[in-house]
Amino acid sequence: MCGKFEFVENEERTARGLDIDVGVAMAREQLQVLSALDSAKTQLYHFTAIVIAGMGFFTDAYDLFAISLVTRLLGRIYYFKNGAKPGTLPPGVASSVTGVALVGTLCGQLFFGWLGDKMGRKRVYGMTLALMVICSLASGLSFGNEAKGVMATLCFFRFWLGFGIGGDYPLSATIMSEYANKKTRGAFIAAVFAMQGFGILASGVVALIVSASFDHAFNGLSYASDRLGSTVPQADYVWRIILMFGAIPAALTYYWRMKMPETARYTALVAKNAKQAAQDMARVLQVEIEAEEQKVEKIVHDTRNSYGLFSKEFLRRHGLHLLGTTTTWFFLDIAFYSQNLFQKDVLSGIGWIPPAATMSAIGEVFRVARAQTLIALCSTVPGYWFTVFLIDRMGRFTIQLMGFFFMTVFMFALAIPYHHWTLHENRFGFVIMYSLTFFFANFGPNATTFVVPAEIFPARLRSTCHGISAAAGKAGAIVGAYGFLYASQSTDPKKTDAGYPTGIGIKYSLIILGVINFLGMIFTFLVPEPNGKSLEELSGENEEDIEPASNTTNRTIPV
């Protein structure tokens with residue numbers, strides 16, 4: 001962490017005795033330590049913070065998406081029926097194995113988001129990481145070798161793995177927002193979130209390496225040629241290794257997370273320790289910073305900066321903002337996690353995944369992993385990084401509105417002429433439409449819904465409000481992944497997936513998803529544009545006087 005750091009001292013304001021327009025708040029002089037952070041030139045410590053916080057998200061994505069690579073293998077190993085098709089997980093078991101981590105994540109977002117504001121970002125961050133390491137390893141273990149014991153163990157530890165992952169959402173975002181400078185804050189927070197794309201990519205690569213190695217060593221036959229021999233005994237190690245590998249990146253970053261100092265905004269504005277905040281940031285920025293203890297005391301003891309989450313004052317200042325961040329994240333995740341509705345049609349239609357009976361159990365893992373890796377390379381990762389490079393130029397509001405708009409357009413374009421896309425000659429057009437839908441999810445609300453809640457709420461409630469917003473998103477993910485899994489089943493009982501009741505079909509499910517994306521676009525107008533403003537300007541913590549009307553920091557349209 002080297003290089004000189006330059007910051008501009010805020011000029012002393014003398015406007016306290018002057019007349020001002022009604023409804024315009026007067027800003028008090030910013031703390032020197034926070035002003036230093038806001039105006040800091042981009043330097044090594046910014047990138048260090050991105051890597052440290054981002055590796056948590058890398059691990060989160062790896063753990064959440066790796067399970068989809070091995071569910072077919074679990075079905076073959078533990079639910080073998082010697083039928084015409086390989087064994088599959090029953091609907092209830094499949095929902096539990098893949099969904100329990102989402103439920104755990106939702107709970108963790110609420111709990112650790114609240115705890116991050118009570119105990120500090122750094123301390124709680126370490127707790128979540130330790131939980132992720134332990135539960136990643138434990139997910140690959142099991143009590144016994146029968147289906148019930150293995151699935152029960154897997155579900156138990158994946159719930160607590162999700163619980164730890166949930167804490168990473170509000171804490172990673174809050175830490176990065178409080179470390180970043182004002183000019184490039186959006187790019188830095190989005191870069192942390194973009195590590196999710198690399199985590200998805202890594203899960204596919206690890207699964208490719210492990211499955212290819214085992215397939216080469218044990219050479220299983222196709223299910224059609226040898227039903228019992230297509231699943232070699234060693235296949236049971238494959239899914240365990242893939243899931244347990246998620247502990248490695250989390251463990252490698254634990255030391256650096258613990259070495260990272262607490263954010264100055266938490267230390268000064270919440271813990272009320274101006275001296276410690278100045279010392280920590282002086283060491284990081286390599287400049288002399290005055291503690292300004294009296295100024296901190298004045299800010300934190302101002303009654304207008306002590307309202308709680310369930311107070312009328314919070315409702316007046318940030319109620320619409322919280323409604324906007326929760327609803328947009330909820331609608332986004334319904335659409336984002338419903339991609340499984342037609343992923344199997346895409347992958348089968350272009351020949352990336354042939355019929356299950358033509359492959360061995362380990363060979364099927366390889367094909368599924370290859371498909372996920374290609375999708376991540378072509379659509380997921382580029383979308384994230386478009387946001388990183390453009391978010392501070394275009395603004396959060398514009399990117400989110402644009403993303404929801406194009407997701408709506410492409411969903412309807414898939415849904416209305418759905419029969420057209422099911423024809424074999426149109427399969428590549430279907431793939432392009434599919435890819436564009438999720439490119440604009442990532443270059444759009446999937447990133448901005450993560451960024452904005454970390455910027456617009458007060459320091460003492462920032463982690464809590466981000467956790468609430470993220471939990472609303474995970475509620476949407478559960479609806480998208482499982483509610484629409486049932487709803488999208490064919491109206492013809494003969495064409496439903498094994499064990500599922502009839503539904504409304506994929507076409508009408510896609511139409512509903514198009515409407516949901518449109519609602520996300522509408523509720524985006526409740527979310528303010530944080531671009532170019534300090535966190536204290538956005539939250540109102542740096543104001544001498546606040547009137548209910550026309551506060552510029554509460555605008556819900558970009559300025």
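Before moving on, here are some points about what is shown:
- Directionally averaged shadow of the range 93-163, computed from the convex hull of its alpha-carbon atoms, nm²: 4.5 nm²
- Extent along the principal axes, Cα only, for the range 405-505: 55, 31, 17 Å, with the longest axis given first.
- Subtracting the Cα-Cα distance of Gln294 and Ser95 from 0.36 nm times their residue separation leaves 66.1 nm of extension gain.
- Gap separating the Cα centres of the range 456-478 and the range 155-218, nearest whole Å: 18 Å
- Ranked from largest to smallest solvent-accessible area, with a 1.4 Å probe on the protein heavy atoms, Val409, Val100 come out as Val409, Val100.
- Cα long-axis angle, helix 396-415 against the chain (0 to 90 degrees, to the nearest 10): 20 degrees
- Values of log10 I(q)/I(0), in the order q = 0.19, 0.23, 0.24 Å⁻¹, for the range 49-93 under a Debye, Cα-only, solvent-free model: -0.64, -0.77, -0.80
- Asp226-Thr502 FRET efficiency (beta carbon distance; Förster radius 45 Å; 0.05 resolution): 0.85
- A 1.4 Å probe run over the protein chains yields, for the range 92-235, 35 Å² of accessible area per residue, whole-number rounding.
- Accessible area per residue was computed with a 1.4 Å probe on protein heavy atoms; Asp168 scores about 0 Å².
- Here the range 169-195 is scanned for amide nitrogen atoms under 20 Å from the site 7 Å beyond the Cα of Lys259 along Cα-to-Cβ, giving 172, 175-176, 179-180.
- Violating pairs (Cα-Cα greater than 24 angstrom) within the set Lys474/Lys533; Lys183/Lys312; Lys259/Lys474; Lys118/Lys275: Lys474/Lys533; Lys183/Lys312; Lys259/Lys474
- 17 Å reach of a label modelled at Phe156, 7 Å along Cα-to-Cβ, counting backbone N of the range 99-113: 100-101, 104
- Shape of the range 170-255, Cα gyration tensor, a/c cut at 1.5: prolate
- Overall form of the range 226-302 per C-alpha gyration tensor (a/c, 1.5; a/b vs b/c): prolate
- Which of Ser225, Ser136 is most accessible, then next, and so on - probe 1.4 Å: Ser225, Ser136
- Within the chain, helix-based [θ] at 222 nm, where runs of 4 or more DSSP H residues each add -39,500 (n - 2.57), nearest 500: -21500 deg cm²/dmol
- Tilt relative to the chain, helix 247-259 - C-alpha long axis, 0 to 90 degrees, to 10: 10 degrees
- Eigenvalues of the alpha-carbon gyration tensor of the range 81-134, scaled by 5 and square-rooted, set the equivalent ellipsoid semi-axes at 38, 12, 5 angstrom, largest first.
- Here the alpha carbons of the chain define both size measures, Rg and Dmax, at 24.9, 89 Å.
- Within the chain, longest stretch free of exposed GluC sites (Glu not before Pro) [DSSP loop, at most 16 other beta carbons within 10 Å]: 291-559
- Apolar share of the accessible surface for the chain: 65 percent from carbon plus sulfur atoms, 1.4 Å probe.
- Label reach from Arg123 (point 7 Å along Cα→C-beta): in the range 228-262, amide nitrogens under 16 Å belong to 258-262.
- Computed over the range 373-427, the range of Cα coordinates on each principal axis works out to 42, 26, 11 Å, biggest value leading.
- Those trypsin sites (Lys or Arg not before Pro) in the range 40-122 that DSSP places in a loop and that have at most 16 other beta carbons within 10 Å: Lys41, Lys81
- Placing unit charges on the Cβ atoms of the charged side chains and taking the dipole of the chain about its Cα centre, the candidate lying farthest along the positive direction among Gly162, Ala152, Phe188 is Ala152.
- The Cα-based radius of gyration of the range 99-258, divided by its Kirkwood radius, gives an Rg/Rh of 1.07.
- Helix 361-375 axis versus longest C-alpha principal axis of the chain: approximately 40°, rounded to the nearest ten.
The values are calculated or read from the model by the stated rules, or taken from the named source; none is laboratory data. The model shown is predicted, which means the values in this text are computed figures rather than measured ones. Ideal geometry is used to build each Cβ from the backbone, glycine not excepted, and the neighbour counts take in all protein chains shown. Accessible surface is based on the protein model in full, side chains and every heavy atom, while ligands, DNA and RNA are left aside. Shrake-Rupley method; radii C 1.70, N 1.55, O 1.52, S 1.80 Å.
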